[in-house]
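The values are calculated or read from the model by the stated rules, or taken from the named source; none is laboratory data. These figures come from a predicted structure and were not determined experimentally. Cβ atoms come from the backbone with ideal geometry, glycine included; neighbour counts cover every protein chain shown.
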Amino acid sequence: MTRHLYCDFLTMQAVGLIIGFLLVITHALALVKPAMVKDFLRDFPRHRGIGISILAVDFIWAFWLIGNIDLGEFYTWENPIRIVLPVCFLLFIFFVEEFLAVRATGILLLLLACPVLDVAFLREPATRLLLPLLAYVWILLGLFWIGMPYLMREQIAWVSGNNGRWRIFSGAGLVYGVALVVCAVVFWGVANS
């Protein structure tokens, strides 16, 4: 349904490189400057400014998406959804006081999963499964963070509460990012040509 939207300008190699480099940079920073990253993450769930910014990205993306996807038999819903989206955006900003950043991040993860799954759909080689695996983790986290946003705060507290756990999770994210970059350079560029 959305494959034509994302696959026209995204390739598996490009998505792998973007996500891989982002994972490498963020997790390397978490290993090199743990105190700074831990402080940021502890403040993140209740940071209203970041929440509004991420929610604005969610709104723009969803508004663009609803105008460009084929709704099939629900095509008559397109205009009502275009009216409801800005209303919901404003209602979120004014009435969702608690954990706005977490909920907005959950929505963003759900939106991000779609192009990642689309570019890897029915492609070769098998290493492409690194992308859907990450997308399904994002979907799971996104659903939980939207419905139970306090879980992000508890997850951050658990991971950052012990230096060993912090290094394991940061190192795992770094290794996953490196694996994505290597696969994107070595395998996925050839698979897309």
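The table below gives the values:
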{"quantity": "Residues (crowded, with 16+ Cβ neighbours inside 10 Å, more than 13 Å from Arg167 (Cβ to Cβ) and among the aliphatic types (A, V, I, L, M)) located in segment 28-46", "calculated": "Leu41"}
{"quantity": "Phe59 being farther than 30 Å from Pro125 by Cβ, under 16 Å from the mean Cα position of the chain (by Cα) and not acidic (Asp, Glu)", "calculated": "yes"}
{"quantity": "Flag if Leu17 is modelled with pLDDT of 95 or more, crowded, with 16+ Cβ neighbours inside 10 Å and either among the acidic types (Asp, Glu) or more than 28 Å from Leu90 (Cα to Cα) (or both)", "calculated": "yes"}
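Here is a yes/no grid of residues against (1) under 21 Å from Ser53 (Cα atoms); (2) charged (D, E, K, R); (3) surrounded by 18 or more Cβ atoms within 10 Å (Cβ to Cβ):
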position: Leu91; (1), (2), (3): yes, no, no
position: Leu109; (1), (2), (3): yes, no, yes
position: Glu124; (1), (2), (3): no, yes, no
position: Leu133; (1), (2), (3): no, no, no
position: Ile146; (1), (2), (3): yes, no, no
